[in-house]
Each structure stands twice: as C-alpha cells, then as structure tokens.
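The block underneath contains the structure these notes are about, expressed in structure tokens.
The values are calculated or read from the model by the stated rules, or taken from the named source; none is laboratory data. For clarity, every value in this text was computed on a predicted model and none was experimentally measured. Here Cβ is always computed from backbone atoms with ideal geometry, including for glycine, and neighbour counts include all displayed protein chains. Please note that ligands, DNA and RNA were not included when accessible areas were found on the heavy atoms of the full protein model with its side chains. Shrake-Rupley method; radii C 1.70, N 1.55, O 1.52, S 1.80 Å.
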Amino acid sequence: MDVPENAAEHCPGTQSEDAGKTSACQGCPNQTVCKSGLPRSPDPAIEEIRKRMSSVKHKILVLSGKGGVGKSTFTAHLAHGFASDETRQVAVLDIDICGPSIPKVMGLEGEQIHQSGSGWSPVYVEDNLAVMSVGFLLSSPEDAVIWRGPKKNGLIKQFLRDVDWGEVDFLLVDTPPGTSDEHISIVQYLSGSGVDGAVVITTPQEVALMDVRKEISFCRKVNLPVLGVVENMSGFVCPKCKTESLIFPPTTGGAEKMAQDMAVPFLGKLPLDPRIGKCCDEGKSFLSEVPDSPAAKAYSEIIHRLLQKCEESK
C-alpha cells in the first residue's frame, strides 16, 4: 500500500484497484492521477533511503500485534546487549509515533535532535549506541501526537532518509502494535535496503497470541522474514527465592506452540522481573544492572540466537 503524504484520510493506496474510486478519494489532489489507471513509478524516496541505509549492515524490526507486551523494553535491551561488544555500532529507530517510550527507557528524556550538513544527528546513549525518536521532537513528554497516516508516513520517511546514522552494524526498529500505517511504511521504504527480518514479541496468554498470529500473517503478506518469536513475561521469578510462577498461564500452549504451528522460529522466553520495569523507569540497562539474574541470562541466549540468524541471512 502506497499512500501519498498529501492523501486524504482512509486512502486505499495508489496501488489499490480502488485507487481514485472510493468515497475517501473525493477531494484528494491525487484522485485524477490515481483514477487514470496509469502505471505508477516507485516512490523515489525508496532509492534515497537505500543509499542512506547502505552503511547499515543489519536491519531488524521489532513487531507485535498486541500492545503492552514489551516491544520497547525488548528493543532497548536488545540494543544494549548488541552494544555490549564495543566493536559493534548499534542504532535504535523508534517509529511508535503516538507513544514513543524509547527515550524514557533508554535514559534520553529531554534530549534534542541536532542538524548538520549530513542530516539529522541521532542521540547517543553510548559511543556505539545511537537513538532516534519522535520523542526528541516534542516540547514535553506529555504532549500528544495527533497525526493521521500521511503525516506519520512522512516522518518515518524522513527518519530513514535524513538521519545520519554513519556506519552501523545493527539498526533496530521499534514499532507500535498492530499492522497499520507505520508498519506498511517501514516495510515499503526499506524494501530496497535488505531487511534481515522481524522479531515478534508476545506474552503467553491467548488474548495476545491471537493478535500476534495476525502480525506473522502480515509479515508473510509483505515478504518480511520472521527471525523468530519471543515470549515475554513468561513467568515471574521471585528476586529472593528465585521461584518461578506463571502470572499469564499459556492456556493454548503459549508462544512456543504458536511458533511451531505457524512454522516460524522460537527464540526463547523472558521471565517477568520487577527490576526490569524499575530499570526502564530509570533509563538504565537491566543487563548491566542485574547481570546474574535469570532474565538477563535469558536475554543473553536470545541475543546470541539473533546474532546467529543475522549471520545466516547475509
């Protein structure tokens, strides 16, 4: 689906058979061209983005059909884990336009973007860990972003085309829940740039899994490889006695069975640990704050598996 930046709300997309013909097209400045049925050339931004992304070796999207399953927490800690090797350059792009939590989770609240002759400069957590988010463009963390699809698409395009990432080994893209404008845009704009694939995050209960199945179907429809599924909040590990309890019982077999049924890799389980939430609120890395915890060890195993998959996808 290709939606112009100046399109009307509920645009069916320029590649749709209904382009220029639906009620949503009435009054749109593109209606005549869309209705003509003439072949449409690819968005020139795709080639511009390909050139910008040529310095980025691996690109990983973090997805989930369900909100509140821990995508941003996982993205942040995956970035910290990758960046623990100082020889790697890691970047995080937050395209959750309406709910950007990466600045908070990564301890960057209040930071601002600077521009140079080579584009927008990302904000750095460490010398080898860069971040870009719409949160850096807001005057206050409490400001609401009330944007329709075309404006969201335009900002995502700008992030991909205009941010000066430099030489990067891993670019991690944190997305909002669902399969909507942001997801379509990021896949479309990176279509010429060689995306390694998506990591899909879920929690064990069926109410989350039913939406995550839709996300995997979305990946298949847009030819986005699924690197694997992670079951977050898999069990609660008591910090005192280390006993694990199932807070969200996997009534239908959990993420591992879902991954098996849908023939996608299963990367592992991450237990609940109250200290993860505390570290996110304080903008610290749980992996360095509590390195010997079961959750930190589980993160390390998943990070190792992802590194292997990225090497295989070269």
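Around Gln115, what is the net charge, scoring Lys/Arg as +1 and Asp/Glu as -1 over all other residues with Cβ under 12 Å from its Cβ? Combined, the nearby Lys, Arg, Asp and Glu give -2. Rolled with a 1.4 Å probe across the full set of protein chains, the surface gives Glu282 an accessible area near 90 Å². Look at the alpha carbon pairs under 8 Å that are at least 6 residues apart: their mean separation over the length of segment 135-247 gives a relative contact order of 20 percent. Based on DSSP H runs of at least 4 residues, each adding -39500 (n - 2.57), what is the mean residue ellipticity at 222 nm of the chain after dividing by all its residues, to the nearest 500 deg cm²/dmol? Estimated from H runs of four or more residues: -10500 deg cm²/dmol. Can you classify segment 171-285 as rounded, prolate or oblate using the Cα gyration tensor, where a ≥ b ≥ c are the square roots of its eigenvalues, rounded means a/c under 1.5, and otherwise it's prolate if a/b beats b/c and oblate if not? Oblate, because a/c is 1.5 or more while a/b does not exceed b/c.
Which of the lysines could be linked to Lys59 by a straight reach, that is with a Cα gap under 21 Å, when you skip same-chain ones fewer than 8 residues away? Reachable lysines: Lys51, Lys71, Lys152, Lys157, Lys221, Lys309, Lys314. Of the solvent-accessible surface of segment 162-240, computed with a 1.4 Å probe over protein heavy atoms with every protein chain present, carbon and sulfur atoms account for 55 percent. Across the chain, the mean sequence separation of Cα contacts (distance under 8 Å, 6 or more residues apart), normalised by length, yields a relative contact order of 21 percent. In terms of its C-alpha gyration tensor, segment 185-250 comes out prolate, because a/c is 1.5 or above and the ratio a/b outweighs b/c.
Between helix 206-221 and the chain there is an angle of about 50 degrees, using the helix long axis and the longest principal axis of the Cα atoms. Surface exposure of the chain, expressed per residue as accessible area with a 1.4 Å probe, stands at 46 Å².
Sorted largest first by accessible area at a 1.4 angstrom probe radius, with every protein chain in place, the residues Asp127, Asp181 fall in the order Asp127, Asp181.
Per residue, the Cα convex hull of the chain amounts to 143 Å³. To the nearest ten degrees, helix 149-162 and the longest principal axis of the Cα atoms of the chain are 70 degrees apart. Between 0 and 90 degrees, the angle of helix 71-83 with respect to the longest Cα principal axis of the chain falls at about 70 degrees.
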